[in-house]
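Below: one structure, written as structure tokens.
The values are calculated or read from the model by the stated rules, or taken from the named source; none is laboratory data. Nothing here was measured: the structure is a model prediction, and the numbers come from that model. Cβ atoms come from the backbone with ideal geometry, glycine included; neighbour counts cover every protein chain shown.
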């Protein structure tokens, strides 16, 4: 009798364990939908996840920075083990790969990086890698001398996606259709956001986005939907109070802007006074800063003028890999809309 009771107890525990595991999987799929290659992707239109991944070789891919990491995992889905070399929260401009990092790169099938300008160490490290395919995502993109953040121009971001996809198709031709379809889907989402950003600086459409107004209304009780639908935004100049690395973005979309920083130098007293005078005279309510490093300069400007700090995320690194590049740029769009119209 005791043995029989034990047997049924074991069966009960195993059943509960499998049930909990299934619930966890469903929760993960709901909370982290980016693992299906792109957040919001209609899975009926993606080939990657209908394949038996045990029937094909799963590529091992190491990516230098977050944008190319997110593009690569979106392209490959379950057909690759994609790893981000730069740990979340690490400053990429000061990063140098350790011996363990180089070993991890050598153990990979593919290494994807942004450009030799952004990752100064990449060219030297690449020469030491054996039997590793190298993908430079900046191929055929004209680089500016003073700013390596090419992905902030969403036209460039789409080129980067296709550069990565094209090379991966050469490396793994049996998965070419899947890679191409996934890359084109991501490009289509970025193209939609690209158009919305362009619309912000086009005369009568400069500040009109009804969907945005409704979204902000639910998120921010202080936001005025009347302003959001106005044809003439109250504030046409974006104020960057933190370290400035948004030139690709601003050049593409044509925003007027004022930056406290001049190149890589700390702001001068004269520049700080100029920025704060502009904020006061124009009653500017918001200033922008990188989310990973809100400087004391930014905080001082905010305290002196009463302007609230909004984030403009350049996406070179993140605190949490579960976000996507598209979501980061869409958040930037929403914050710009708020700054222009509130």
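Data for the structure
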| quantity | calculated |
| --- | --- |
| Residue check, residue 246 buried (at least 20 other Cβ atoms within 10 Å of the Cβ), under 17 Å from residue 236 (Cα atoms) and modelled with pLDDT under 95 | yes |
| Yes/no for residue 139 being in a helix (DSSP H, G or I), surrounded by fewer than 22 Cβ atoms within 10 Å (Cβ to Cβ) and in the same structural domain as residue 71 (by TED's automatic domain parsing) | no |
| Identity of the residue in the stretch 253-271, buried (at least 17 other Cβ atoms within 10 Å of the Cβ) and in contact with a helix residue (DSSP H, G or I) (Cβ under 7 Å, 6 or more places away or on another chain), that ends up farthest from residue 201 (Cα to Cα) | 267 |
| Qualifying residue in the stretch 191-203 (condition: at pLDDT below 95 and exposed (fewer than 14 other Cβ atoms within 10 Å of the Cβ)) | yes |
| Residue within the stretch 120-131 that is closer than 27 Å to residue 57 by Cβ, outside any helix (DSSP H, G or I) and within 22 Å of the chain's Cα centre (by Cα) present | no |
| Unique residue being closer than 17 Å to residue 310 by Cα and either modelled with pLDDT under 80 or exposed (fewer than 12 other Cβ atoms within 10 Å of the Cβ) (or both) when the list is 222, 227 | 222 |
| Boolean, residue 327 is in contact with a strand residue (DSSP E or B) (Cβ under 9 Å, 6 or more places away or on another chain), at pLDDT 95 or above and either within 18 Å of residue 149 (Cα to Cα) or surrounded by fewer than 22 Cβ atoms within 10 Å (Cβ to Cβ) (or both) | no |
